[in-house]
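Trainee: Below are the structure tokens for one structure; questions will follow.
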Amino acid sequence: MYALLDANNFYASCEAALRPSLIGRPVCVLSNNDGCVIARSEASKAMGVKMGQPYFEVRHLEAEGLVFLSPNFTLYGSMSDRVMSLAAALGPSMERYSIDEAFVSLHGVRGDQTKRARAIRARILQWTGIACGVGIAQTKTLSKFANHVAKQADRKPGSYPREHAQVCNLGVLSRADVEELLAATEVAEVWGVGRRIGEQLRADGVMTALDLARLDPAIVRRRWSVVLERTVRELQGESCIELEDAPPAKREIAVTRSFGHPVTDVEPLVEAVSTFASRAAEKLRKQSSVAGLVHVFAHTSPFRPGPRWARSLSVPLRRPTADTAEITEAAVMGLRLMFEPGYMLAKAGVMLCDLSSELHQQCELDLEVEAPVRDRSKLMKAMDQLNTRYGRGTLQVAAMGQQNQLQAWQMRQERRTPHYTTDWRQIPIARA
DNA sequence: TCTGGGGTCCTAGGACCC
DNA sequence: TCTGGGGTCCTAGGACCC
């Protein structure tokens, strides 16, 4: 059995926990640069604000008392830590699925699981001010579904039977009762069914979660995919998706942002990309990985008229590294190579790919006896510790001058190590 | 004027090899 | 004069999640 615990309107709830005057009021949290709505309190949903809706479309609702807030991701992160540490009491192992959701294995947990979940839910609400819903069932997909029922029954009277509000345990229901709940749920609400597949399913007459659960997995595999087949099996009670209590290291790391105002010149872009690369390198070191490839991209807004421009470029690193300066240098290098002036750029980003374990890297370095590189690695660790303690950006790697960067890069090419296989002059410029 | 920022997995098709 | 077939690896793109 699995439990899925999910905080209600998480970012909006965090803000209300910090400022109790917001409780019960219509509140929306906006994305970076106040671009669009990324979280809504119940009262703001009732006013018709949609998830992801641009701020300028709903701004007029301020006059009706709707409060718009810029995001405070540091706050949400620490609130998440507190909620999760309390949720961990549900069972022997837990997977943090997102900032506001966790799957908990209930394997070996005895006694009344519904009662236990209600007690823990109440504790989380009392100690953090965050309200959660809990779904309990045989598989992850069914526990997601149970969680959906728990939340809807709580806030939309009449949607599902009242007794399932806040905590819904499918494990104690009869098969007929579970099917009744599935039949009352649109197919697109099922975890793993998105907009596209949802449309196709409806076109084929599969309207509810029960319709989907009654399909033959083999046919689903042929008609759609193995992914949807797994979803069907999970809805039928066959567990196909395991709990990942020790999350695998990320296979790629991205830092990307939309700009508050369009950017047309290369220098501000270099500054932005340097910041992204630096943040990405920090994330990389946090999971003790090194990257083999730096991917940098920039593009104009897809929503605005005017000439479109979108490019990206992959820069292979001489050797896998987690060094901020080397990664930043590669990203800026790539940016300068692909940049063309005269476009209103709306977004840019840096992605680190070909990630591998730092331990593996250490072995290679020991073989090479490259002391300066090991010292740099220690320097990076010290920098991360300082920045964790005194706040992000306390200590940064100073950007080298443009000419210096080009020269340094070219010099390295000339005396490149055997690990380096690609000549940057041959890197194709990808056009998107 | 103004439209988020991350991630994952799967598949199809091309390149390459024997 | 002749132009296969199967396996593997890689990449791009699509679909999904929050």
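The values are calculated or read from the model by the stated rules, or taken from the named source; none is laboratory data. Nothing here was measured: the structure is a model prediction, and the numbers come from that model. Neighbour counts run over all protein chains shown; Cβ positions are idealised from the backbone, glycine included.
Trainee: In the set A:83, A:58, which member is within 16 Å of DNA strand B (Cβ to nearest atom), part of a helix (DSSP H, G or I) and aliphatic (A, V, I, L, M)?
Mentor: The conditions single out A:58.
Trainee: If you don't mind, there's one more thing I want to ask. For residue A:282, are the conditions met, namely being touching a His at 6+ places or on another chain (Cβ under 9 Å), among the charged types (D, E, K, R) and either surrounded by 15 or more Cβ atoms within 10 Å (Cβ to Cβ) or closer than 30 Å to residue A:93 by Cα (or both)?
Mentor: no
Trainee: Looking for whichever is crowded, with 16+ Cβ neighbours inside 10 Å, in the same structural domain as residue A:378 (by TED's automatic domain parsing) and either within 24 Å of residue A:70 (Cα to Cα) or in contact (Cβ under 8 Å) with a residue 60 or more places away in the chain (or both) here; the options are A:322, A:298, A:272. Which one fits?
Mentor: A:272
Trainee: Provide a single number: the residues in region A:255-290 that are touching a Lys or Arg at 6+ places or on another chain (Cβ under 9 Å), within 20 Å of residue A:301 (Cβ to Cβ) and within 9 Å of DNA strand B (Cβ to nearest atom).
Mentor: Counting residues in region A:255-290 that are touching a Lys or Arg at 6+ places or on another chain (Cβ under 9 Å), within 20 Å of residue A:301 (Cβ to Cβ) and within 9 Å of DNA strand B (Cβ to nearest atom) gives 7.
Trainee: I'd like to verify a number: residues in region A:223-261 that are among the β-branched types (Val, Ile, Thr), part of a strand (DSSP E or B) and within 14 Å of DNA strand C (Cβ to nearest atom), how many?
Mentor: Looking only at that region, the number is 1.
Trainee: On to the next question. Report, by residue number, each residue of region A:39-77 that is surrounded by 12 or more Cβ atoms within 10 Å (Cβ to Cβ) and either hydroxyl-bearing (Ser, Thr, Tyr) or in contact with an Asp or Glu (Cβ under 6 Å, 6 or more places away or on another chain) (or both).
Mentor: A:41, A:44, A:55, A:69, A:76
Trainee: Only one of A:4, A:90 is closer than 28 Å to residue A:169 by Cβ and within 13 Å of DNA strand C (Cβ to nearest atom). Can you tell me which?
Mentor: Of the residues listed, the single one that is closer than 28 Å to residue A:169 by Cβ and within 13 Å of DNA strand C (Cβ to nearest atom) is A:4.
Trainee: Could you please tell me which pairs satisfy a Cβ distance under 6 Å, a separation of 6+ or placement on different chains, a first residue in region A:190-217 that is under 18 Å from residue A:236 (Cβ atoms) and in a loop (DSSP other than H, G, I, E, B), and a second residue that is small (Gly, Ala, Ser) and more than 8 Å from DNA strand C (Cβ to nearest atom)?
Mentor: A:190/A:209
Trainee: Just to check your reading of the model, which residue among A:47, A:79 is closer than 30 Å to residue A:139 by Cβ and hydrophobic (A, V, I, L, M, F, W, C)?
Mentor: None of the other options fit; the residue is A:79.
Trainee: Among the residues of region A:16-34, what is the count of those that are surrounded by 15 or more Cβ atoms within 10 Å (Cβ to Cβ), under 20 Å from the mean Cα position of the chain (by Cα) and away from DNA strand C (no atom under 14 Å from the Cβ)?
Mentor: Qualifying residue count, region A:16-34: 3.
Trainee: Find all pairs meeting these conditions: Cβ atoms under 8 angstrom apart; at least six residues apart or on different chains; first residue within region A:176-188 and within 16 Å of DNA strand C (Cβ to nearest atom); second residue among the acidic types (Asp, Glu) and modelled with pLDDT of 95 or more.
Mentor: Listed pairs, sorted by first residue: A:187/A:211.
Trainee: A further question on this structure: May I ask you to say which residue of A:136, A:124 is buried (at least 17 other Cβ atoms within 10 Å of the Cβ), in the same structural domain as residue A:208 (by TED's automatic domain parsing) and touching a Ser or Thr at 6+ places or on another chain (Cβ under 9 Å)?
Mentor: Of A:136, A:124, the one residue that is buried (at least 17 other Cβ atoms within 10 Å of the Cβ), in the same structural domain as residue A:208 (by TED's automatic domain parsing) and touching a Ser or Thr at 6+ places or on another chain (Cβ under 9 Å) is A:136.
Trainee: Scan A:187, A:227, A:220, A:232 and give me the residue that is out of contact with any Asp or Glu (no Cβ under 9 Å at 6 or more places or on another chain) and among the β-branched types (Val, Ile, Thr).
Mentor: A:227
Trainee: Starting from region A:16-29, take each residue that is of a type in the set (Lys, Arg) and list its partners that are in a strand (DSSP E or B) and surrounded by 13 or more Cβ atoms within 10 Å (Cβ to Cβ), counting only C-beta distances under 7 angstrom and pairs at least six apart or across chains.
Mentor: Hits for this filter: A:25/A:67.
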